[in-house]
1. Does B:Leu507 count as over 28 Å from B:Val590 (Cβ atoms), among the aliphatic types (A, V, I, L, M), modelled with pLDDT of 90 or more and out of contact with any strand residue (DSSP E or B) (no Cβ under 6 Å at 6 or more places or on another chain)?
2. Quick one: would you say B:Phe330 is within 14 Å of chain A (Cβ to nearest Cβ), without any contact (Cβ under 8 Å) to a residue 60 or more places away in the chain and either buried (at least 24 other Cβ atoms within 10 Å of the Cβ) or farther than 19 Å from B:Thr532 by Cβ (or both)?
3. Check whether at least one residue in segment B:171-184 is over 20 Å from B:Val590 (Cβ atoms) and either more than 14 Å from chain A (Cβ to nearest Cβ) or at pLDDT 90 or above (or both), and report yes or no.
4. Within the bounds of segment B:383-405, is there any residue that is hydrophobic (A, V, I, L, M, F, W, C), surrounded by 15 or more Cβ atoms within 10 Å (Cβ to Cβ) and within 30 Å of A:Asp223 (Cα to Cα)?
5. Counting just the residues of segment B:554-589 that are of a type in the set (Val, Ile, Thr) and within 14 Å of chain A (Cβ to nearest Cβ), which one comes out nearest to B:Arg255 (Cα to Cα)?
6. Going by what's in this entry, would A:Ser211 be described as closer than 20 Å to A:Arg4 by Cα and small (Gly, Ala, Ser)?
7. Find the helices (runs of 4 or more DSSP H) located wholly in segment A:82-183 whose residues include 2 or more that are within 13 Å of chain B (Cβ to nearest Cβ) and β-branched (Val, Ile, Thr), and list them.
8. Is it true that B:Pro215 is within 14 Å of chain A (Cβ to nearest Cβ) and surrounded by fewer than 23 Cβ atoms within 10 Å (Cβ to Cβ)?
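The values are calculated or read from the model by the stated rules, or taken from the named source; none is laboratory data. All figures in this text were calculated on a predicted structure; none of them were measured in a lab. Cβ coordinates were reconstructed from backbone atoms using ideal geometry, including for glycine residues, and neighbour counts include every protein chain displayed.
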Amino acid sequence: MPYRLTRAEEEQESSDRYPLGRRQSSEEYVKSQLERNVFTGKLSDVLNSAVNWGRKNSLWPYNFGLSCCYVEMTTAFTSPHDIARFGSEVIRASPRQADFMVIAGTCFIKMAPVIQQLYDQMLEPKWVISMGSCANSGGMYDIYSVVQGVDKFLPVDVYVAGCPPRPEAFLQALQLLQDSIQEERRPLSWVVGDQGVYKAEMGSQREQKRSQRIEATELRTPDKL
Amino acid sequence: MSTDALDRHAPAQSGIDRALGLLDGFREHIEHVQPTLTGLPVLWVRRERIVEILRHLKAPPASFSMLYDLSAVDERLRAHRDGLPAADFTVFYHLLSVDRNEDLIIKVALTGGDPNLPSVTRVFANANWYEREIWDLFGITATGHPHLQRLLMPPTWHGHPLRKDYPARATEFDPYTLTVEGQQTEQEALKFEPEAWGMQRERDGSEFMFLNLGPNHPSAHGAFRIVLQLDGEEIIDCVPDIGYHHRGAEKMAERQTWHSFIPYTDRIDYTGGVMNNLPYVLAVEKLAGIEVPDRVKTVRVMMAEMFRISSHLLFLGTYLQDLGAMSPVFYSFTDRQRAYKVIEGITGFRMHPAWYRIGGLAQDLPVGWQQLVQEFLDWMPPRLREYELAMMKNALVRERTRHVAAFTTTEALEWGVTGPNLRATGCNFDLRKQRPYSGYENFDFEVPLGQHGDVFDRGQLRIEEMRQSLRIIQQCVDHMPAGDYKADHPLTTPPPRERMLQHIETLITHFLQVSWGPVLKPGESLQMVEATKGINSYYLTSDGNNMSYRTRIRTPSFPHLQQIPSLMRGGFVPDMIAHLGSIDFVMADVDR
C-alpha cells in the first residue's frame, strides 16, 4: 500500500508555513527492512495492528465548535445517533486530553491562530476532521474574513461534505478515520524503526461511490413525503 | 409613482407628524424628511446636534427608551439619492419606544475623507459596540467614545471592509497562509492588556487574576471570548471580545442577487432556520410591492414556529447542561430529531432549508403533511410537562437559578435587550402581537411573561413559549387556507412556471429573472420580526439593481452579549456561566 510520510523538522524557521513538517509519498518502511529481519517485520505488523485497533476504537473528540456544523456534530453525540457505538463519546474540553479535533464550522481569519494554538496543544497521535463546506474550502463564504479551507494551515485527515453535513455523515467520517487509523504506521517506540508517521492514502469516497451513484436514474419528487 | 406605492407610504405620515412635533425645538437642525417603505419616520438631522437630539428623544415625552440599532451606509456609489442631503457616509440611529410601540430613524450625513461624528455612548449605553462596529467596518470615528477599537475584525487588520472600495471576496486577496512568525504575532495581539481597559492589576497589595474564557470554551456556545478580572471567585469586571464568527453577511448581500442571498440569511441565527428568511423576504416584498396569498403567510408562520420550538429545545438542553445537568440535552435532542423529521419532510433540509422565496415558497406542502405535523404536536406536550416536572420544579435547579443574573425592564431597554430575555423581566413586548406580520393577527395565542428577569425566568418562559408555538401550529394545521404557494406578481422569484411556457418572450423573461435576478426599484425598506432569540430585522437599501446596495442585519444576540459586563460585575464565575446559558445566543447571530 502506498503511504504519505510526514517527518517532523528538527529545526524550525520563523518563516515556515503551517502545516509544519515535510511530507512525501513513500512505501512502508517495514517492507524495505523486511529482507534484513523477517521476524521483526511480522512482529511489528502484529504490534501495529493491535495498537491501531486500540487507537481507532477509543477516539476521544475535542469539544471544539465554530458554527452551524457544530450543532449537527452535537446531534451526533446525543441519544438518537449515539456516537458511543463507535467509542467516541468521551468528549474532552481540553485539547491535551483529546485525540482528534473536528473543525465543525467556518474557519475565520481571526480564529485561525487560535485553532492552530489548540491543535498544537493536542498530543500525538492526533487527527483532524474537516466538517462541512466552510472548513473544507470556505464553501459559500468567499468573503474577506474567512480562510478558504482549514487545510491552508492544518493537516486534514477526513473531509465531510455538506452545509451542514447530517449527523450520519459525521458518523461516517468517524468510521473512515477509523479505517485510516487501522492502516497507519507510527513509531512503536522511540528506539524502534523509523520515526516518521505513515498515513495510508485512502482515496476519496466520491470516486469510489461514483458507479453506485450514477445507477440511480429516478429521483423521488418533492410533492410527496 | 403609482397610487399603490403612495398608499404604502401613507401609514408613516401620522408618525412623521408626531416625530416632527416631538422635535419642535430642533426644527432648524432637521435637514430632510425621507420617504421610505420602512413604515417608519426617517429624519435627517445635522451632525453637530445629534447628541442633544437623541437625549431629547430618550427623555419623556418622546420616551424612545431603546437604541434599537445603529449602523452606517457608504453612500459614495449610490446612484439614486433623489432629494437626500449630500453625504459620503450616513449613520443611522433606530430608536424604539416600547411604551408607545413606535419607532423613529434618525440619519446623519457625513462628508469628507475622515468621517466622524460625536459619540452617543453617554446617552445610550449600548451605542458603545455599535460605534466600535462602524469604526471597524466603515472607518467612521465616534469622537468621545471611551474605547474606539476594532470589534469584529482582528486587531491586526487593515482597512474597513464595508466600505464600497474594499474587496469582498477572499479570493481577491492573496491566499491565506500562517507562518510560525505570524502565529506568534497574532497570539501576541490577542493578549489582554488590563491597562488598555482602565483596569487595575492589583488591589491592596493582592493581585487580581485575569481569566481568559474562550474563544473556545465548552460553555461559551461557540467562538466567544470573555476576559474576567477576578478576585477569588468574584468577578470585578469583564470584557467580552467578539468577532471570531464574522462571516461578512452584510457585505455578502451587496454581491448576491436579492434571490440568491436567501440561503445566507438561514446561517445568521443558525438554529433559527427559515425564521431568518422571514424578515428578509418580507422586506424584499415591501420593496417589490408584492402581496402574498394567505396560504403562503400561514405556511411561513407554521414553519417559523417549528424552528422556534427546535431552537428553544436546543436552548433548554444546553441551558441545563451549563448548570451541570447532563441528561436533559439527550431528551431535548430526541425531540429536536422529531422536529427535524417534520421540517425535513416539508422543506427537504434540516438546518438551513432556505425555503421561503420572494413572493412565496419554494414549493407547496407535500401530500400528507397534516399527519406529519400532527404527530409532532401530539408528541410534544407530555414532553414539555416532563421537562417542567423534572427540571424547572427541581429544587436544585431552582436554587441555582433564582435571582441569579437578574435585571429589570429599564436595564433591559437601556441595553437593547429584546425577545424572551426582555419578556422575562415582565415587559409585554412581542412583535407578533404588537406589530403583527405575515398574518399573526389571525392566531389565538398568549405571550408568556416572567417576573424577576433572572436565569430561572428566562428558562421557564421558553418552555411556555414552546407551548404557545404548538398552539399556533395546531391552528395552522386546522385552518390551512387553500390557494397558491406563490404570489401572482411579475417580481415573484422564481416566477410561476405556467407563465414561462406561453411563448419565447415569457421564456426569456423567466430566464432573465432566474439567472440575472429580479431588479427592484430604488428605495429603503425594513422588516422586524420576533425571531427565536429576540427582534431580528433587515434594513434593505435598493439602488435600482438586482442586488442590494446595503443590507443592515440587526440581530438580537449582539446587544445581549454587550450587556454581560454591566450585569456580572460583583457576580461569581459559575453565575456567569449560568447567565451565558440562559441568554440563548449563537455567535453567528452576534457577529453575522
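1. On the way: over 28 Å from B:Val590 (Cβ atoms): yes; among the aliphatic types (A, V, I, L, M): yes; modelled with pLDDT of 90 or more: no; out of contact with any strand residue (DSSP E or B) (no Cβ under 6 Å at 6 or more places or on another chain): yes.
Taking the combined requirement at face value, the residue does not satisfy it.
2. On the way: within 14 Å of chain A (Cβ to nearest Cβ): yes; without any contact (Cβ under 8 Å) to a residue 60 or more places away in the chain: yes; either buried (at least 24 other Cβ atoms within 10 Å of the Cβ) or farther than 19 Å from B:Thr532 by Cβ (or both): yes.
Yes: the conditions hold for B:Phe330.
3. The initial filter retains those residues of segment B:171-184 that are over 20 Å from B:Val590 (Cβ atoms), namely B:171-184.
From what is left, the residues that are either more than 14 Å from chain A (Cβ to nearest Cβ) or at pLDDT 90 or above (or both) are none.
There is no residue in segment B:171-184 that is over 20 Å from B:Val590 (Cβ atoms) and either more than 14 Å from chain A (Cβ to nearest Cβ) or at pLDDT 90 or above (or both).
4. Within segment B:383-405, the subset hydrophobic (A, V, I, L, M, F, W, C) is B:384, B:389-392, B:395-397, B:404-405.
Filter once more, so that each one left must be surrounded by 15 or more Cβ atoms within 10 Å (Cβ to Cβ): B:384, B:390-392, B:397, B:404-405.
Now drop any that are not within 30 Å of A:Asp223 (Cα to Cα), which leaves none.
Looking for residues that are hydrophobic (A, V, I, L, M, F, W, C), surrounded by 15 or more Cβ atoms within 10 Å (Cβ to Cβ) and within 30 Å of A:Asp223 (Cα to Cα), one finds none in segment B:383-405, hence no.
5. Initial filter on segment B:554-589 (of a type in the set (Val, Ile, Thr)): B:555, B:564, B:573, B:577, B:583, B:586.
Now restrict to residues that are within 14 Å of chain A (Cβ to nearest Cβ): B:577, B:586.
On the way: B:Ile577: 39, B:Val586: 25 Å.
Once the filter is applied, the top-ranked residue is B:Val586.
6. On the way: closer than 20 Å to A:Arg4 by Cα: no; small (Gly, Ala, Ser): yes.
Spelling it out, it is not the case that A:Ser211 is closer than 20 Å to A:Arg4 by Cα and small (Gly, Ala, Ser).
7. Numbers: elements: A:112-121, A:133-137, A:167-183.
Those helices (runs of 4 or more DSSP H) span A:112-121.
8. On the way: within 14 Å of chain A (Cβ to nearest Cβ): yes; surrounded by fewer than 23 Cβ atoms within 10 Å (Cβ to Cβ): no.
It is false that B:Pro215 is within 14 Å of chain A (Cβ to nearest Cβ) and surrounded by fewer than 23 Cβ atoms within 10 Å (Cβ to Cβ).
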